[in-house]
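What follows is one structure encoded as structure tokens, with my remarks underneath.
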């Protein structure tokens with residue numbers, strides 16, 4: 001019954017997302033040579049634009065100025081050109097334009113949604129934010145204060161603390177191991193000049209664009225040139241070395257961060273695979289069976305259903321541009337932590353030794369192919385998908401062939417990838433709480 005309900009919801013989502021999801025993306029090249037992938041959707045008079053700049057995320061922040069990329073993302077729309085922060089935000093609000101920026105580890109992202117009748121003005125304001133950000137002292141200090149408050153809050157949050165510590169342990173000599181949020185000290189050291197220098201990472205050469213909505217290729221081409229044409233052809237983007245998750249010394253115990261809470265939070269992980277790896281889809285299906293499938297996953301069955309040790313246990317693939325990671329977590333009573341970790345290790349070993357059953361594989365394929373449209377139920381989400389497909393060099397036909405790639409995964413593929421990745425002795429485990437019996 002649950003499986004039929006999931007598939008029914010997937011069908012409904014696919015219907016609601018049409019025609020955008022059903023249409024094939026079109027590669028648009030503006031007169032000035034700027035590329036974007038477009039899916040025309042005339043059902044609603046709206047337009048969604050997703051942007052990303054390669055090699056411009058938090059991993060490229062100077063070591064002593066962690067948090068620079070996130071501060072840049074938080075201040076680009078805090079005044080530009082002749083508009084101070086309040087005037088710029090009021091202009092956006094009056095025209096129902098949504099404009100924001102965010103910073104990931106590898107890329108800085110931009111997000112724009114506008115009504116069709118206001119798109120010329122929306123693209124003008126976007127241009128100002130990218131090319132003439134003001135970085136006024138009052139606005140910068142306000143955003144810094146918000147970020148510092150978030151840092152203070154996350155320092156008391158067990159899940160956040162476990163996650164940050166895991167990355168520090170996993171990547172001790174690589175920027176991926178640094179705290180993307182920064183610290184009170186690093187944020188205080190960032191000046192408006194640093195922000196202007198960081199804004200030079202936004203160029204045409206490292207730009208990726210995805211567009212969904214009510215616009216023709218010709219109209220889009222003109223807007224692309226008017227908004228992005230004045231960006232530098234070559235950005236001051238940085239370079240990162242490839243990185244692998246550190247392998248613990250034999251017999252190393254979980255790292256415990258003591259915190260007086262009744263329930264411990266556990267984050268665990270090891271070397272995964274990157275998005276362009278030939279084994280990606282085998283690893284994707286494998287992870288669904290192990291910990292990505294909710295109540296159907298092995299970790300949930302063994303830890304929650306059979307033993308009632310935790311409310312949830314999960315895992316997921318986390319591909320970065322320069323590293324592949326497999327991560328998971330569980331939260332449980334302090335006296336149940338050791339047993340829960342032992343079960344995780346046991347399931348990794350069982351997968352590596354025995355692979356998966358034909359039924360597990362068939363059920364995973366049914367869900368992963370049927371639920372795909374659920375993830376893309378808005379034009380903004382679909383535009384984000386177009387950016388991701390370009391970022392990972394998956395090709396214009398990816399939407400057509402994605403489910404075929406999932407269906408092509410065999411039990412032998414799963415067994416091979418499980419032997420490659422699922423090594424319990426390599427597991428890095430971070431525990432926040434007061435666990436007993438470790």
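The values are calculated or read from the model by the stated rules, or taken from the named source; none is laboratory data. A quick note: this is a predicted structure, and the numbers were derived from the prediction, not measured. Every residue, glycine among them, receives a Cβ derived from its backbone with ideal geometry; neighbour counts consider all protein chains shown.
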Problem - Residue ID - surrounded by the fewest Cβ atoms within 10 Å (Cβ to Cβ), chosen from residues in the stretch 75-87 that are over 17 Å from residue 141 (Cα atoms) and in contact (Cβ under 8 Å) with a residue 12 or more places away in the chain - result: 81
Exercise for the section: Look through the stretch 274-288, keep the residues that are touching a helix residue (DSSP H, G or I) at 6+ places or on another chain (Cβ under 9 Å) and surrounded by fewer than 23 Cβ atoms within 10 Å (Cβ to Cβ), and return whichever of them is nearest to residue 350 (Cα to Cα). Expected result: 284
Exercise for the section: Could you tell me whether the stretch 168-182 includes any residue that is surrounded by fewer than 16 Cβ atoms within 10 Å (Cβ to Cβ), in the same structural domain as residue 211 (by TED's automatic domain parsing), more than 21 Å from the chain's Cα centre (by Cα) and assigned to a helix (DSSP H, G or I)? Expected result: no
Fill in the blank from the handout: Within the stretch 94-112, residues free of Cβ contacts under 8 Å to residues at least 40 places away in the same chain and closer than 18 Å to residue 220 by Cβ come out as 97, 99
Exercise for the section: Could you run through the stretch 242-264 and say how many residues are surrounded by fewer than 18 Cβ atoms within 10 Å (Cβ to Cβ) and within 20 Å of the chain's Cα centre (by Cα)? Expected result: 2
Fill in the blank from the handout: When every residue in the stretch 303-316 that is buried (at least 21 other Cβ atoms within 10 Å of the Cβ) and not in a helix (DSSP H, G or I) is compared, the one modelled with the lowest pLDDT is 310
Practice task
Mind listing just one residue for me: the one in the stretch 218-241 that is in contact with a strand residue (DSSP E or B) (Cβ under 8 Å, 6 or more places away or on another chain) and farther than 18 Å from residue 56 by Cβ and, of those, surrounded by the fewest Cβ atoms within 10 Å (Cβ to Cβ)?
Solution key: 221
Problem - Which numbered condition residue 348 fails, given (1) at pLDDT 95 or above; (2) surrounded by fewer than 22 Cβ atoms within 10 Å (Cβ to Cβ) - result: (2)
Problem - Filter pass, residue 267 being surrounded by 18 or more Cβ atoms within 10 Å (Cβ to Cβ) and in contact (Cβ under 8 Å) with a residue 24 or more places away in the chain - result: yes
